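Bear in mind these aren't lab numbers, they're just calculated from the coordinates by the rules spelled out. Given the structure is predicted, the values throughout are model-derived calculations rather than measurements. Cβ placement follows ideal geometry from the backbone for every residue including glycine, while neighbour counts extend to all protein chains displayed.
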DNA sequence: ACGACCGTCACTCGAAAGGGTTACGGGATT
DNA sequence: AATCCCGTAACCCTTTCGAGTGACGGTCGT
């Protein structure tokens, strides 16, 4: 019985991953956990062949979870999930024994390929993958202009200021703003900036 | 005789690093190499206590150089140098046995601190350095209330909504908002949310 | 060639936001 | 005791935002 355990605190990401992993040939069961603590708690009773775990989680972080998991079971295979370019987190997790990592905005195909390979080869290590966001149905695609406007907002610029910076009229900036709000599902600029950070669109 | 080996193909970077490392207390000699091949070639004759090596180098890359170096001498201590956010390179190098990494745009102080620590403690591994925050100092301290308000903003709530949620008047929310803006140095709520994410105050 | 976006700009209008200021009771700190 | 910060609340006043709407030329894919 080949099982994969997906661990992420965000229900949205968790479900997306679960569904994607479930389509990998050979995977018979996908279980989920919402925290590192839960993974450790359940590991004794019910092990998985592969664990996909978020680097950043509240409470016990992904790195520490990997460390403890491998301390108890050196054979466990873990792939870390990372939102943006989380250098520290990934490096620490790999040092702790994670087999590799995946960006959360990887395509479904890439995700499946990596999971498939990790399951097929028990000695598999680190096939880094960086990819697009659109395929996961998670992160909205903003145009270059919209991202520029969003970045301006994240720096505390007013629409007029952003306009001067980008040589646009304030009205044009407002149009871009409205469009990116709609795409992100944001109710105002503060929300948009937050979502931008959460999707890794801005830093 | 404590010696450090700096390996980078760019003369400019190499010299800068050499001079910086030379000022670390306890370091008696700093040698340089321009390629992974050179490091391996000279390692038999003349070992160093610590190697600083660029991840990206022409010919034998930094990752492969680390792998081969450690294959011949498992006790060798290597810190990788990386230009930008080179997730793949760093992860691979760490997997290959590198003790840690440093951004090339790290401050002199950061570099020296890391080298110093690596030399002092032979078991040293991965003291991740987040340089974004390094030059900013320390995160401002927000009160619990202020963080609640900031979180409300990051969820796209208006002041009135946040007030209803926290059983406060809108005016009180505005007061908290104004105070947290001042603490963060934010010009508006969007900026405040961005700074909150950058400081790790909200997620 | 025909939508579907994208980038650009304009106008209106009501609803928020944000600055300044004041105030008062309570902790904590000095 | 004096002071500083916090939590609460209110008032005024100006600026900014955001929604709605319309428009026009360009590009891309079908």
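Neighbour counting of Cβ atoms within 10 Å sorts the residues A:32, A:2, fewest neighbours leading, into A:2, A:32.
Comparing B:154, B:48, B:35 in a Gaussian network model of chain B, where Cα atoms under 10 Å apart are tied by springs, the biggest mean-square fluctuation is seen for B:154.
Would you compute, from DSSP H runs of 4+ residues alone, the mean residue ellipticity of chain B at 222 nm, taking -39500 (n - 2.57) per run and dividing by the full residue count, rounded to the nearest 500? The helix contribution divided over chain B gives -15000 deg cm²/dmol. Projecting 7 Å from Cα along the Cα-to-Cβ direction, the label point of residue B:44 sits 5.3 nm from its equivalents in the other copies, listed shortest first. Taking 8 Å as the Cα distance limit and 6 or more residues as the minimum spacing, I'd like the relative contact order of chain A as a percentage. Relative contact order for chain A comes out at 14 percent. For the peptide B:182-191, the mean number of other protein chain Cβ atoms found within 10 angstrom of a residue's Cβ is 5. Across identical copies of the chain, residue A:2 has label-point separations of 5.1 nm, listed in ascending order, with the point defined 7 angstrom from Cα along Cα→Cβ. In this label model, residue B:22 and residue B:143 are separated by 5.4 nm, measuring between points 7 Å along each Cα→Cβ vector. Look at the stretch A:151-158: the mean tally of other chain Cβ atoms within 10 Å of its residues' Cβ atoms is 5. Computed from the Kirkwood radius of its Cα pairs, the Stokes-Einstein diffusion coefficient for chain A at 37 °C and 0.692 mPa s stands at 181 µm²/s.
Distances between every pair of Cα atoms in the protein assembly as shown, grouped in 10 Å steps from 0 to the bin holding the largest one, split as 5, 19, 25, 25, 19, 7, 1, 0 percent. Once a ≥ b ≥ c are taken as the square roots of the eigenvalues of the Cα gyration tensor of segment B:144-198, is the result rounded (a/c under 1.5), prolate (a/b larger than b/c) or oblate (a/b not larger than b/c)? Note, shape of segment B:144-198 comes out prolate. For chain B, modelled as a GNM whose springs connect Cα atoms under 10 angstrom apart, the maximal fluctuation among B:108, B:68, B:157 occurs at B:157.
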